[in-house]
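The values are calculated or read from the model by the stated rules, or taken from the named source; none is laboratory data. Keep in mind that what you see is a predicted model, and the values were worked out from it rather than measured. Glycine gets a Cβ as well: all are built from the backbone with ideal geometry, and neighbour counts include every protein chain shown. Keep in mind that these areas ignore ligands, DNA and RNA; they rest on the heavy atoms of the full protein, side chains included. Shrake-Rupley method; radii C 1.70, N 1.55, O 1.52, S 1.80 Å.
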Amino acid sequence: FSFRKLWAFTGPGFLMSIAYLDPGNIESDLQSGAVAGFKLLWVLLLATIIGLLLQRLAARLGVVTGLHLAEVCTGGLGWFPRIILWLMVELAIIGSDMQEVIGSAIAINLLSVGKIPLWGGVLITIADTFVFLFLDKYGLRKLEAFFGLLITIMALTFGYEYVTVKPNQEKLLQGLFIPYCRDCGTPQLEQAVGIVGAVIMPHNMYLHSALVKSRQVNRADKREVREANKYFFIESCIALFVSFIINIFVVTVFAEAFFNKTNADVNQVCVNSSSPHSSLFPNNNETLEVDIYKGGVVLGCYFGPAALYIWAIGILAAGQSSTMTGTYSGQFVMEGFLNLRWSRFARVLLTRSIAVTPTLFVAIFQDVEHLTGMNDFLNVLMSLQLPFALIPVLTFTSLPSVMHDFANGL
């Protein structure tokens, strides 16, 4: 084992892990904490482990064959299933991009104390993609370092909330390692399914299999291929462990502070703290429902304005960091399935235009409730797209003709 070699292979796994930290994941985390307390932490743990195993297969496919998943699908499938797979993956990428737009717009609105309206935040997200295109010109390693900085910001901001709220550690460990959900009903089951859809992103398989190609590996040397597989797997474990810890921060903060709270409880605290957002919570005994926007407001009411702004910075980092990974995924998928080589500028313009249009209409003509409600729908969309990514990666990594000595025996 060599730390120098691990450092050389570090990068693709952290870029991939950003999909485990996008605004859709944060929304799913806070809702599962508020709705089920600590009871669904084991679902998050299992989903992350399954995600790691699937990412390992995707990375191995890229290392051993020198082709990413979309290219392998093109060589091994007929034109009809190939087009169907391409359309499904594009749908997942657009849905993920919409979640990034929604999260960023809400964060900008919170940070500006409502002075920048939601539709203004949506429009600002059009500009941020071109910032990443600018960074991309300086090389992949610098882009990987920038995304590492954004992940660090998320760890610090959500870690601050965790330290402030001080969740019950015994309940946390019990929720992680004992698979139970006593007194759970339909809302808790919906959250459990949402966690799986939010954590395991379909287009991430295509992305990871392509990113590992950025490192030079002599594929004629089996020892070198095995070494590359080992270090990419170690890096993926570290990256997904970091993303898992950040997700744990969010779930447990809302499980400890807001599980079983009513609107009246929160309304009273917000009124006492002179929050301008107290009208968001009607003075009734209905169970509190939170989303990315309300989550920040509630944290501000209970733990001071600093908690609200730090929360918004974390959400903004989540939205910004996952923007470019969607662009990379779309580019690799389009090149692999259709053999179309667009510039990144054209690719960003297409996906961001498709993602921004419906989001902008909701932001202009509806309220924040409908905007954040779109995240729940998009998490369901992701879970429906999963088979279209999982079946190819499981199939092609198990074919000896493709993987030779590295075929997946299971």
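Please verify whether residue 311 is among the aromatic types (Phe, Trp, Tyr) and open to solvent by 30 Å² or more (accessible area, probe 1.4 Å), treating the condition exactly as stated. Spelling it out, it is not the case that residue 311 is among the aromatic types (Phe, Trp, Tyr) and open to solvent by 30 Å² or more (accessible area, probe 1.4 Å).
Can you tell me which residue is most open to solvent (accessible area, probe 1.4 Å) among those in the range 173-195 that are assigned to a helix (DSSP H, G or I) and more than 30 Å from residue 381 (Cβ to Cβ)? Among those that are assigned to a helix (DSSP H, G or I) and more than 30 Å from residue 381 (Cβ to Cβ), it is 177. The residues in the range 275-296 that are outside any loop (DSSP other than H, G, I, E, B) and either in contact with a Lys or Arg (Cβ under 7 Å, 6 or more places away or on another chain) or surrounded by 24 or more Cβ atoms within 10 Å (Cβ to Cβ) (or both) can be counted, and the count is 5. Report whether or not residue 5 is surrounded by fewer than 24 Cβ atoms within 10 Å (Cβ to Cβ) and touching a Phe, Trp or Tyr at 6+ places or on another chain (Cβ under 9 Å). Here the answer is yes, as residue 5 does meet what is asked. Criterion applied to 304, 300 was being on the phi > 0 side of the Ramachandran plot and open to solvent by 10 Å² or more (accessible area, probe 1.4 Å), and the one residue passing it is 304. Against the condition over 30 Å from residue 86 (Cα atoms), outside any helix (DSSP H, G or I), open to solvent by less than 50 Å² (accessible area, probe 1.4 Å) and hydrophobic (A, V, I, L, M, F, W, C), how does residue 270 come out, does it pass? Spelling it out, it is not the case that residue 270 is over 30 Å from residue 86 (Cα atoms), outside any helix (DSSP H, G or I), open to solvent by less than 50 Å² (accessible area, probe 1.4 Å) and hydrophobic (A, V, I, L, M, F, W, C). Out of curiosity, is residue 242 within 30 Å of residue 12 (Cα to Cα) and either touching a residue at least 24 places away in the same chain (Cβ under 8 Å) or not β-branched (Val, Ile, Thr) (or both)? Yes. Every listed requirement among (1) at pLDDT below 80; (2) in contact with a Ser or Thr (Cβ under 7 Å, 6 or more places away or on another chain) is met by residue 405 save one, (2). Note on the range 99-127: residues that are open to solvent by 20 Å² or more (accessible area, probe 1.4 Å) and assigned to a helix (DSSP H, G or I) amount to 8.
Considering 89, 113, the condition of being in contact with a His (Cβ under 7 Å, 6 or more places away or on another chain) and either among the aliphatic types (A, V, I, L, M) or at pLDDT 85 or above (or both) is satisfied by 89 alone.
Count of the range 54-88 residues, restricted to those that are without any contact (Cβ under 8 Å) to a residue 60 or more places away in the chain and outside any loop (DSSP other than H, G, I, E, B), is 5. With respect to being in contact (Cβ under 8 Å) with a residue 60 or more places away in the chain and exposed (fewer than 15 other Cβ atoms within 10 Å of the Cβ), residue 167 falls outside the description.
Has the range 77-91 got any residue that is open to solvent by less than 10 Å² (accessible area, probe 1.4 Å) and closer than 14 Å to residue 206 by Cα?
Taking every residue of the range 77-91 in turn, at least one turns out to be open to solvent by less than 10 Å² (accessible area, probe 1.4 Å) and closer than 14 Å to residue 206 by Cα.
Restricting attention to the range 314-324, the residues that are farther than 30 Å from residue 269 by Cα and either open to solvent by less than 10 Å² (accessible area, probe 1.4 Å) or outside any helix (DSSP H, G or I) (or both) add up to 4.
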